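Written out below as structure tokens is the structure these notes cover.
The values are calculated or read from the model by the stated rules, or taken from the named source; none is laboratory data. Owing to the predicted nature of the structure, the values given are computational and were not obtained by experimental measurement. No Cβ is skipped: glycine too gets one built from the backbone with ideal geometry, and neighbour counts run over all protein chains shown. These accessible areas exclude ligands, DNA and RNA; they are computed on the full protein's heavy atoms, side chains included. Shrake-Rupley method; radii C 1.70, N 1.55, O 1.52, S 1.80 Å.
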Amino acid sequence: SQTIHQWPATLVQPVGSPLSLECTVEGTSNPNLYWYRQAAGRGLQLLFYSVGIGQISSEVPQNLSASRPQDRQFILSSKKLLLSDSGFYLCAWAQGYNSPLHFGNGTRLTVT
Amino acid sequence: EDKVVQSPLSLVVHEGDTVTLNCSYEVTNFRSLLWYKQEKKAPTFLFMLTSSGIEKKSGRLSSILDKKELFSILNITATQTGDSAVYLCAVGGGNKLTFGTGTQLKVEL
């Protein structure tokens, strides 16, 4: 069966510091991969998605970037964090174009 | 801009009650409507609906879609404390899902 791992679970970082969140999927090949952010009182916001290695689509222009160096690995990065980057970040995968998303356990990021 | 609105925002019920959660939407590219349950961390998948009028059922949970009126409902019968969670509705297609803000359900003894 497929599993998705996301780490770290929580992170407190100062403004201006870099960020790297990692997500890996097991038990499947060539999944579609997603990064979402969930802010309090707001729906999940799609940040990036990827349909293959090195293929990244950005949905919201912002202080973040994503990379997919391997088939089942998805990384969310920032060079310099802003206070507004605080939130709950969720990685997800789907098998195919119109399949349900399956989410990781998320990373609670607090920028101080 | 795509929009998904869920109601109510929150509700509190007693164990054994039946609840109905609502999701209405306006999206430019509809392929499916999905329901998720979110407790502490990861939203977990409940249902995916693509056709009007066909009920999907899993235990005490069921859901139906009305593509003409652009809404869906999620029913939970004989609620239990373990049903306490935020229920999320998402609509769209392909790689782009728009999520609602969720309905927070609390089931008390």
Query raised in the report: Under a 1.4 angstrom probe, counting protein chains only, how are B:86, A:25 ranked by accessible area, largest first?
Result: B:86, A:25
Report summary line: accessible surface per residue for the stretch B:1-105, probe 1.4 Å, DNA/RNA/ligands not counted, whole Å² -> 48 Å²
Requested in this report: For the protein assembly as shown, give the magnitude of the charge dipole about the Cα centre (Cβ charges: +1 Lys/Arg, -1 Asp/Glu; no others), in debye to the nearest 20.
Outcome: 320 debye
Query raised in the report: So what is the relative contact order of the stretch A:3-111, in percent, for Cα pairs below 8 Å that sit 6 or more residues apart?
Result: 36 percent
**Report entry** Accessible area per residue, Å², the stretch A:55-112 with all protein chains present, probe 1.4 Å
**Finding:** 46 Å²
Report summary line: Here the stretch A:37-48 yields Karplus 3J(HN,Hα) values (6.51, -1.76, 1.60; θ = phi - 60°; whole Hz; Gly and Pro given as x) of 10, 10, 9, 4, x, 10, x, 5, 10, 6, 9, 9
Query raised in the report: For the stretch B:12-73, which trypsin sites (Lys or Arg not before Pro) are both in a DSSP coil and crowded by at most 13 other Cβ atoms within 10 Å?
Result: B:40, B:60, B:68
Query - Shielding score for B:31-37, defined as the mean number of other chain Cβ atoms within 10 Å - result: 2
**Report entry** Pairwise burial B:A, computed as accessible area of each alone minus the pair, summed, 1.4 Å, Å²
**Finding:** 1700 Å²
Query raised in the report: What does the accessible area of residue A:60 come to, in Å² to the nearest 10, when a probe of 1.4 Å is used?
Result: 40 Å²
Query raised in the report: Residue-wise, which Karplus ³J(HN,Hα) couplings in Hz belong to the stretch B:40-48, taking 6.51 cos²θ - 1.76 cosθ + 1.60, θ = phi - 60°, and x for glycine or proline?
Result: 8, 10, 6, x, 10, 6, 10, 9, 10
**Report entry** the stretch A:65-75 - phi-based ³J(HN,Hα) in whole Hz, Karplus 6.51/-1.76/1.60, Gly and Pro as x
**Finding:** 9, 9, 9, 10, x, 9, 3, 10, 10, 9, 10
Requested in this report: Give me the accessible area of residue A:112, 1.4 Å probe, in Å² rounded to the nearest 10.
Outcome: 90 Å²
Query raised in the report: What is the set of long-range amide H partners of residue A:28 at a cut-off below 5 Å, with H atoms built 1.01 Å from backbone N?
Result: none
Query raised in the report: Which percent, nearest 5, of DSSP beta bridges in chain B are antiparallel?
Result: 90 percent
Query raised in the report: Which residues' amide hydrogens lie under 5 Å from the amide hydrogen of residue B:84, considering only partners 5 or more residues apart or on another chain, with H built in the peptide plane?
Result: B:107
Query raised in the report: Dipole of the stretch A:3-111, Cα-centred, from +1 at each Lys and Arg C-beta and -1 at each Asp and Glu C-beta, to the nearest 20 debye?
Result: 220 debye
Report task. Per residue of A:38-51, count partner chain C-beta atoms within 10 Å of its C-beta, then hand back the mean as an integer. Result -> 4
